[in-house]
Amino acid sequence: MRRIHLIAAFAGVLATLALPACGPTEADLTPRDPLGPGRDVDPALRGTVGSQAIVSGLAPAYVSGIGFVVGLNGTGSGDVPASVRAWLVSEMTRLGIGRGDGPLSDVTPDQLIDDPNTSVVLVEAAIPAAAPDGFPFDVIVAALDGGTTTSLEGGRLWTTDLYPGRFIPGGADLQAVARAEGDVFINPFAPPIGTAEPDATTTVLRTRGRVLSGGIVSTRYSPTLLLDNPSHSRARAIAYAINTRFGVGGARDPVAIGRTPEVVEINVPPGWVNRVDEFFNVISHLRVDSSFPARWAENYTRTLVERPELAEPMMWSLIALGRIALPAIRPLYDNPDRAVRLAALEAGSKLEDPLTKPHLFELAAPGSGPDRLFAVDRLAELPDDPAVDLELRNLLSDDDLAVRVSAYESLERRRDPFIRQRIMSDKFVMHRVPAGEPMVYVTQQRVPRIALFGDDLTLEPTSLVSAWDRTFMVRTDGRAESANVFYRDPRTGAAIVNEVRADAPTLVEYLAHKETPETPADGLDLSYSQVVGALNEVIVGGGLDAYLVPEADRLALERLKALNETPSAGRPELSTDGPIDAFSPVDFGPGSQAAIEAGLTEDERRAREIRRARYVVPLRRDGEDGEPASTVVDPIPDATAPDGDTNPDPTTPRDPSIDTYD
């Protein structure tokens, strides 16, 4: 009898242990905070990290310093406040200027500051959130207020320490958190200083510029999670959930470290440093209790279909679950509701699901609707696939300018060998994109790039371009596959004439190349902004039949298209709200260039394009609209002539009235 009772009891225990194998119950999948109550969030998001903690330290860190720009063309000044001069002299002396046997041992710091080819500048930047050591970022340089510096064009910023907040020379001792150096990039679509004075309508600000990717982080900023209700067990559970999802964050540290009952420190993994916002969206929507992920995926997709207004949080919740959520997401790739479909496709592409491919191809196709740019961007996230690369290559020839550039950016992210890359004297990257109509795309932030689109980028067979008050000229006479390039160095006054192959890539290389004993080829050693400005002049002057598209114009175009569409609720890429980078070259305010252009009539737009120096439409040809093309007929002057002026009636320079930077 006792044996029967023991067997029955043992069977009861086995039955109890076997219950979870039958699958999670409805109670198991009820959204709740497993470690107690958290903040008041939508019931669908309870139990996530974001329902129990907030992220601190995601705002860009403002840094600044006092820098020194050299290499100007007599446009600098020594007008410096006494306190700044005293501090700068002390720093220069510490670095060996004016003493010893170094290259600047024969000049005093004061002489260097007073040199008209130098200028003291304020250097400012916003270091992106969670930027690791060695992370590059753009910096802003500006001549000091009250000085007589007229232009920073052609200058180079000496290595400058950057400090948290507003730096005050001679003030409290601070630890530098970053450094900056490099060529100053100013508006490249205006003639250089001293060649043609701008009129009263110009908005070019020559005393302010940018050093693209010139800053380097030396002190890492680590964001943290601040728990609503301090608890050791809660902090450990959150750290465990994050580390389970992301693994190790670096050589030594895990991604999440519970420092105190209230603070969990976050180390952004190397693969996410350029996607910090995405990384913290995933963390915020990560479930603290990782049980039953497949069933939670079904819960989230059901909520997405029933409540499309929650499209964005449900998308991030699905991404946070990982690839195990894909079986639940895939049926929504062709959902009739646009918000649901786009959220599912974005989640699928970010989880690298190859089954999103046909659906994204459909959205990216010409004439498919307003979601083409969304689809092109998502294609960049898919795993290596020749079919994806081929589709993006085909879009390089699209009629939509924004689609062409986005396809190029996506291929560049995928490191597709179709985009041929060349480094130009460590100044910028030149990309050859052999597809579509001739077009020149130039970036104005982060990595400086010139992308040359088109199979045929040869200069016009018979043309003469005269620019910058005739200090820069390019001539082709149709008798050879070469062009004569004339340039008068504004610093030395020396006239340089060389013959180069008559195509845009060769011209860009010649303009940027610096002649050295190791690389003795001819070159003008122009900066990135000067090369871009020269290309603009060649296009405007009719020497190259191509579009010229600055990044600012492309971003403005995309923004305007988004404003003119009806966005679905919660779609982040179509939202008209949200922060814009404080140092973005595009201003979308009510009085901005983009907003003004949106309200112009066709005639007003055409008149504006005639006098502005940036183009996102083809140049007119002779006879179109009853007006001749812009051409120049003066010959390249003899390099031996004292002033190079052989044309008694030069063409009036165009009005550089639009500054796409400021």
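The values are calculated or read from the model by the stated rules, or taken from the named source; none is laboratory data. The model shown is predicted, which means the values in this text are computed figures rather than measured ones. Every residue, glycine as well, gets a Cβ built from its backbone with ideal geometry; the counts of neighbours run over all protein chains shown. Calculation scope for accessible area: heavy atoms of the full protein, side chains included, ligands and nucleic acids excluded. Shrake-Rupley method; radii C 1.70, N 1.55, O 1.52, S 1.80 Å.
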task = Provide a single number: the residues in region 432-468 that are modelled with pLDDT under 90, surrounded by fewer than 21 Cβ atoms within 10 Å (Cβ to Cβ) and within 17 Å of G542 (Cα to Cα).
result = 1
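In this structure, does G369 turn out to be touching a helix residue (DSSP H, G or I) at 6+ places or on another chain (Cβ under 9 Å), surrounded by fewer than 22 Cβ atoms within 10 Å (Cβ to Cβ) and closer than 30 Å to T303 by Cβ?
Values: touching a helix residue (DSSP H, G or I) at 6+ places or on another chain (Cβ under 9 Å): yes; surrounded by fewer than 22 Cβ atoms within 10 Å (Cβ to Cβ): yes; closer than 30 Å to T303 by Cβ: yes.
Yes; evaluated as a whole, the condition is true for this residue.
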ask   = Just wondering, is there one or more residues in region 275-282 that are closer than 23 Å to Y333 by Cα, open to solvent by 40 Å² or more (accessible area, probe 1.4 Å) and outside any helix (DSSP H, G or I)?
value = no
query = Can you pull out the residues in region 64-84 that are in contact with a Pro (Cβ under 9 Å, 6 or more places away or on another chain) and either polar (S, T, N, Q) or more than 15 Å from G171 (Cβ to Cβ) (or both)?
reply = S64, L72, N73, G74, T75, G76, S77, G78, S83
inquiry  = Of everything in region 118-133, what is open to solvent by 20 Å² or more (accessible area, probe 1.4 Å), in contact (Cβ under 8 Å) with a residue 60 or more places away in the chain and either touching a Ser or Thr at 6+ places or on another chain (Cβ under 8 Å) or assigned to a strand (DSSP E or B) (or both)? Give them in sequence order.
reply    = E124, A126, D133
key: Positions within region 91-127 being within 26 Å of R210 (Cα to Cα) and hydroxyl-bearing (S, T, Y), in sequence order   = T118, S119
message = Pairs needed: first member in region 289-310, on the phi > 0 side of the Ramachandran plot; second member anywhere, of a type in the set (K, R) and open to solvent by 50 Å² or more (accessible area, probe 1.4 Å); C-beta distance under 9 Å; at least 6 residues apart or different chains.
response = none
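From the list L360, L355, which one is open to solvent by 50 Å² or more (accessible area, probe 1.4 Å), aliphatic (A, V, I, L, M) and either within 22 Å of R393 (Cβ to Cβ) or not in a helix (DSSP H, G or I) (or both)?
Values: L360 fails: open to solvent by 50 Å² or more (accessible area, probe 1.4 Å).
Every option except L355 fails the conditions.
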